[in-house]
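Remarks on the structure that follows.
Where a number appears in this text, it was derived from the coordinates with a stated rule and is not lab data. Because the structure is a prediction, the values reported are computed rather than measured. We place every Cβ from the backbone using ideal geometry, glycine too, and count neighbours over all the protein chains shown.
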């Protein structure tokens, strides 16, 4: 029995995507090829809408039981490959939707489960954008009066004193990207918004989002702050691995928030004092020279209006490890933050922070 299915496909921020080819498959057991259920594929239009036809019963696999001792009697000649074809009762129906599309000149593929009543699907990418800090970043600095610890810190952080000034760098990065994806101009405030205003509440909320809701990312920042720099498992080696993920996002023209590890703590006391002196910036592009040195362009909320802030990353060899008796070269990245081409701060390492688009309130 053929079934018609209609739905829509969007970027991660909700914008519709056209020219996406849509199929429905059934997930089979490991080692077996998934079943193609599609009869007529879908193709999304300018509004992201698509319609396809598929046949659910195509999912069922069969076993053939061969008979080797068929009695030979008159008019009962044995035939090669004779047997009975029975359905595989262990084959479970697990339909999913596959999307094939072109993104920035590259062929991409994405899959999503076909849930009950689900008709809207999101691709993992946001639409490509051009971020310019002096235009799309906030005009005020990342310095807010009061205090900010909106969750219970991990037990290893024995905070004895709460600073009277705090930053919302993660919230500023995430919401600046939100405004650009929403096609809206960022608020024109040149002064830090007062506590309780709509903009302050937005920045506070997006700061919480950047920390993982209950502060899971704070634990990761703490781990990196406590690591050495130049060992095989230190911050410079981990940063080289992280940069692969960051570079993919930037190639897609999808800005990405980075946690910059400025500080180094060698004890719990130092960690509780220094952890919040680390920082978040929004990376929006990069260049790489012939020697492999990369310059990541970033919006730094501590430096409003500056389009000349970069993280310079120089690769080097840390050493070798043996994997299954084969030597494996471990590389690291030595990173420095520059402003206007001049040294600003040493960056011990960096990693990508989580981001999901949130539509900014209309009244901001």
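General remarks:
- Between 0 and 90 degrees, the angle of helix 198-210 with respect to the longest Cα principal axis of the chain falls at about 60 degrees.
- Degrees, to the nearest 10: 216-226 long Cα axis against longest axis of the chain: 60 degrees
- Gaussian network model of the chain, Cα within-10 Å springs - most flexible of 309, 218, 39: 39
- Per-pair calculated FRET efficiency, R0 = 25 Å: residue 93 and residue 45 via Cβ, rounded to 0.05: 0.30
- Using a Gaussian network model of the chain in which every pair of alpha carbons under 10 angstrom is joined by a spring, one finds that among 15, 252, 35 the greatest mean-square fluctuation is at 35.
- Shown for 113, 175: other C-beta atoms within 10 Å of each C-beta, ranked fewest to most, produce the order 113, 175.
- Antiparallel DSSP beta bridges within the chain, percent to nearest 5: 95 percent
- GNM flexibility winner over the chain from 12, 112, 29 (Cα, springs under 10 Å): 29
- Degrees separating the helix 235-251 axis from the principal Cα axis of the chain, which is the longest one: 70 degrees
- Peptides 180-193, 274-287, 331-344 ranked from most to least packed by the mean count of surrounding Cβ atoms within 10 Å: 274-287, 331-344, 180-193.
- Simple spin-label estimate for residue 316 and residue 102 gives 4.4 nm between the two label positions (7 Å along the Cα-to-Cβ direction from each Cα).
- Region 188-207 and region 325-359 have Cα centres lying 28 Å from one another.
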